[in-house]
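Okay, structure first, notes after.
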Amino acid sequence: MKRNVDLNEISDGKFYSLNDMVRADCQDCTGCSMCCEQMSDTIFLDPLDVFRLTRATGCSFDELLDAKKLELALADGIILPHLQPDRRTGFCPFLSAMRCSIHASRPGFCRIFPLGRYYEDRSFSYILQTKECPKKRTKIKVSRWIDTPLLAQNQAFINDWHYFLEDLSAALASAPTDTVRRVQLYLLHSFYRTAYTATDEAGFYAEWRERLAKARTLLG
Ligand code: SF4
Ligand code: SF4
């Protein structure tokens, strides 16, 4: 999802790559769960997040929606799922006794925080958000902080998914309403609602790439 913000206001003004050291390590958030208690509707999920969540919980995408763990919302003209905070407390539905109950399968957004991604020229870098976490953080290598297997495949996935959505969003901006609606539903069905048959992340990337190729052909 696009955010129009001044980088110097939210970050230290630097761009980081995977091999850089960054002051992001908040020591496993020991004693603090502030981010998970005040997440609002900001944690949008990509297909990998949902693949991980469905495996970790044993629930389908629709079951997670029914259980109010996820919710759908419009982001740049496209319907996407996000974590649904408890409407009374504002807490993440996966927060339990101040810890993330799905830590190994947490969404990419949570995984990289307090890093964020900055997209430019069909590529992206990491930024360090400096206003979000008050804890005294130590330096750690970006690739280690991200804690993501199959990193090269993952980074390609992040990039390709982002620019696929960005291109689609731009195309839909001038499309008739019924076309927009059909494309929104197709996207939701093809990338989220239809379960992936893969049993691991390597399989997920292969299956997702097939769906992406099909979507690109269908949507032109
Ligand atoms: S504020 Fe910092 S330490 Fe607290 S939950 Fe967020 S990232 Fe972790
Ligand atoms: S999924 Fe886990 S890390 Fe992310 S907001 Fe929820 S409890 Fe926090």
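Can you give the net charge of the other residues whose Cβ lies under 11 Å from the Cβ of THR199, counting K and R as +1 and D and E as -1?
-2
Given the options ALA198, ALA173, ALA97, state which has the largest fluctuation in a GNM of the chain using a 10 Å cut-off (strictly under) for Cα springs.
ALA97
Determine the gain in length on full extension of the stretch ILE10-LEU151; use 0.36 nm per residue of separation and subtract their C-alpha separation, reporting nm with one decimal.
48.2 nm
Between ASP178 and SER190, what length comes free when the chain is fully extended (0.36 nm per residue of separation minus the Cα-Cα distance, one decimal in nm)?
The ASP178-SER190 span can extend by a further 2.5 nm.
Please report the relative contact order for the chain, taking Cα pairs under 8 Å with a sequence separation of at least 6, and give it as a percent rounded to a whole number.
28 percent
Determine the sum of side-chain charges near LYS131: Lys and Arg each +1, Asp and Glu each -1, restricted to other residues whose C-beta is under 11 angstrom from that of LYS131.
Taking every Cβ under 11 Å from that of LYS131, the sum is -3.
Two-decimal Rg/Rh of region 7-219 from alpha-carbon positions, Kirkwood Rh?
A ratio of 0.95.
What longest region of the chain stays clear of trypsin sites (Lys or Arg not before Pro) that DSSP places outside H, G, I, E and B and that have at most 11 other Cβ atoms within 10 Å?
137-220
Based only on other Cβ atoms within 10 Å, what is the fewest-to-most ordering of ASP178, ASP167?
Starting with the residue having the fewest Cβ neighbours, the order is ASP178, ASP167.
Which of the lysines could be linked to LYS68 by a straight reach, that is with a Cα gap under 29 Å, when you skip same-chain ones fewer than 8 residues away?
Excluding near neighbours in sequence, the set is LYS2.
If one computes the Cα centroid of region 72-105 and of region 122-165, what distance in Å separates the two points?
A separation of 19 Å, based on Cα centres.
Over 22 Å between C-alpha atoms is what I'm after, so list which of LYS69/LYS141; LYS14/LYS135; LYS14/LYS131; LYS14/LYS141; LYS69/LYS131 land there.
Values: LYS69/LYS141 32 Å; LYS14/LYS135 20 Å; LYS14/LYS131 14 Å; LYS14/LYS141 15 Å; LYS69/LYS131 27 Å.
Pairs exceeding 22 Å: LYS69/LYS141; LYS69/LYS131.
Give me THR179, THR217, THR57 sorted ascending by neighbouring Cβ count inside 10 Å, so fewest comes first.
The order, fewest Cβ neighbours first, is THR217, THR179, THR57.
We did not get these values from a lab; they are worked out from the coordinates using the rules stated. Everything numeric in this text was worked out from a predicted model, so none of it was measured. For neighbour counting, all protein chains shown are included, and Cβ atoms are generated from backbone atoms with ideal geometry for every residue, glycine included.
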